[in-house]
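One structure is given below, encoded as structure tokens.
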């Protein structure tokens, strides 16, 4: 079909809540088709059209399942082109009572699970779909975290180090995917108002220059910008979306 009338396609992991949910709504409102990935089945309460047909139930903690999902995604692409891949899925296991897991206490199996979801899955998906991304001259956005750059009071050591590694991976991918015409960037959210906020977050908010939590829609807007033609010469960067929490 002519490029002017072609509907763009996004593949989004971690779509079932929070930032992922807001991202689906933003891209859908802009006319994109959104393929969603989540370890949960599609929830019929989700309001976007074609959601169930465009959903892939996938546990990113399983390397084998993630590799197999590449063919499932390909089968859902109508023209062999993928305009954007947003690696949003992330897990942050807690100790008893929601306690932060540090480097001394985190079981290596837990560490491995966190890295499979937060770090290796983005590699597998982007590499597996590189031809489809290249055909669309598409964009990859990795969702990192402010915890990837400093010790966080709630985010555990495995989560934080996986996000730091994902930020470094973003630079490596931008270098490697650039010759294919594919841009790769990251966004690093700070404290965002979702259903999984840790107790005590309000104390952090008091210290933020903007004195408020971020909204999922604000993060989704940054993701959409990086996937749009407005960001056509931006690659290899990490945009902090944190209300100046980092200053």
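The values are calculated or read from the model by the stated rules, or taken from the named source; none is laboratory data. Just so we're clear, the structure is a prediction, and the values are computed from it rather than from any experiment. Cβ placement follows ideal geometry from the backbone for every residue including glycine, while neighbour counts extend to all protein chains displayed.
Among the residues of region 124-142, which ones are under 12 Å from residue 66 (Cβ atoms) and in contact with a strand residue (DSSP E or B) (Cβ under 9 Å, 6 or more places away or on another chain)? Walk me through how you get there before you give the answer.
Within region 124-142, the subset under 12 Å from residue 66 (Cβ atoms) is 124-129.
Of everything in region 124-142, those that are under 12 Å from residue 66 (Cβ atoms) and in contact with a strand residue (DSSP E or B) (Cβ under 9 Å, 6 or more places away or on another chain) turn out to be 125, 126, 129.
Tell me which residues, restricted to region 179-214, are out of contact with any helix residue (DSSP H, G or I) (no Cβ under 8 Å at 6 or more places or on another chain) and either modelled with pLDDT of 80 or more or assigned to a helix (DSSP H, G or I) (or both).
Let us first name the residues in region 179-214 that are out of contact with any helix residue (DSSP H, G or I) (no Cβ under 8 Å at 6 or more places or on another chain), namely 179, 197, 200-210, 214.
Listed by number, the residues that qualify are 179, 201, 202, 203, 204, 205.
Being crowded, with 16+ Cβ neighbours inside 10 Å and not in a helix (DSSP H, G or I) is true for just one of 141, 151. Which residue is that? Even if it seems obvious, please write down each step before you answer.
On the way: 151 fails: crowded, with 16+ Cβ neighbours inside 10 Å.
Every option except 141 fails the conditions.
Name every residue in region 38-95 that is modelled with pLDDT under 90 and either within 14 Å of residue 20 (Cβ to Cβ) or outside any loop (DSSP other than H, G, I, E, B) (or both), in order of residue number.
Once the filter is applied, which keeps residues that are modelled with pLDDT under 90 and either within 14 Å of residue 20 (Cβ to Cβ) or outside any loop (DSSP other than H, G, I, E, B) (or both), region 38-95 yields 38, 39, 40, 42, 43, 46, 48, 51, 91.
Suppose we keep only residues that are modelled with pLDDT of 90 or more and assigned to a loop (DSSP other than H, G, I, E, B) within region 215-243. Which one would you say is surrounded by the most Cβ atoms within 10 Å (Cβ to Cβ)? Break it down stepwise before answering.
We begin by selecting, within region 215-243, every residue modelled with pLDDT of 90 or more; these are 216-240.
Then drop every residue that is not assigned to a loop (DSSP other than H, G, I, E, B), which leaves 228, 232-237.
Details: 228: 14, 232: 10, 233: 6, 234: 14, 235: 20, 236: 16, 237: 15.
Going through the qualifying residues, I end up with 235.
Right, residue 66: surrounded by 20 or more Cβ atoms within 10 Å (Cβ to Cβ), over 26 Å from residue 152 (Cβ atoms) and touching a helix residue (DSSP H, G or I) at 6+ places or on another chain (Cβ under 8 Å) or not?
On the way: surrounded by 20 or more Cβ atoms within 10 Å (Cβ to Cβ): yes; over 26 Å from residue 152 (Cβ atoms): yes; touching a helix residue (DSSP H, G or I) at 6+ places or on another chain (Cβ under 8 Å): yes.
Yes; evaluated as a whole, the condition is true for this residue.
So which residues in region 96-113 are over 19 Å from residue 14 (Cα atoms), out of contact with any helix residue (DSSP H, G or I) (no Cβ under 7 Å at 6 or more places or on another chain), modelled with pLDDT of 85 or more and surrounded by 12 or more Cβ atoms within 10 Å (Cβ to Cβ), if there are any at all?
105
Against the condition part of a loop (DSSP other than H, G, I, E, B), under 17 Å from residue 163 (Cβ atoms), touching a residue at least 24 places away in the same chain (Cβ under 8 Å) and over 17 Å from the mean Cα position of the chain (by Cα), how does residue 110 come out, does it pass?
On the way: part of a loop (DSSP other than H, G, I, E, B): no; under 17 Å from residue 163 (Cβ atoms): yes; touching a residue at least 24 places away in the same chain (Cβ under 8 Å): yes; over 17 Å from the mean Cα position of the chain (by Cα): yes.
Judged against the criteria, residue 110 is not a match.
Of (1) buried (at least 17 other Cβ atoms within 10 Å of the Cβ); (2) at pLDDT 95 or above; (3) under 20 Å from residue 218 (Cα atoms), residue 14 satisfies all except one. Which?
Failed condition: (2).
Could you check residue 19 against (1) in contact with a helix residue (DSSP H, G or I) (Cβ under 8 Å, 6 or more places away or on another chain); (2) exposed (fewer than 12 other Cβ atoms within 10 Å of the Cβ); (3) part of a helix (DSSP H, G or I) and say which number it fails?
Just one mismatch for residue 19, condition (2).
Return a yes/no flag: does region 114-136 have any residue that is surrounded by 12 or more Cβ atoms within 10 Å (Cβ to Cβ), assigned to a loop (DSSP other than H, G, I, E, B) and at pLDDT 95 or above. It would help to see each step written out before you state the result.
Residues of region 114-136 that are surrounded by 12 or more Cβ atoms within 10 Å (Cβ to Cβ), as a first pass: 114-136.
Filter once more, so that each one left must be assigned to a loop (DSSP other than H, G, I, E, B): 129.
After this cut, where a residue has to be at pLDDT 95 or above as well, the list is 129.
Yes, there is a match, as at least one residue in region 114-136 is surrounded by 12 or more Cβ atoms within 10 Å (Cβ to Cβ), assigned to a loop (DSSP other than H, G, I, E, B) and at pLDDT 95 or above.
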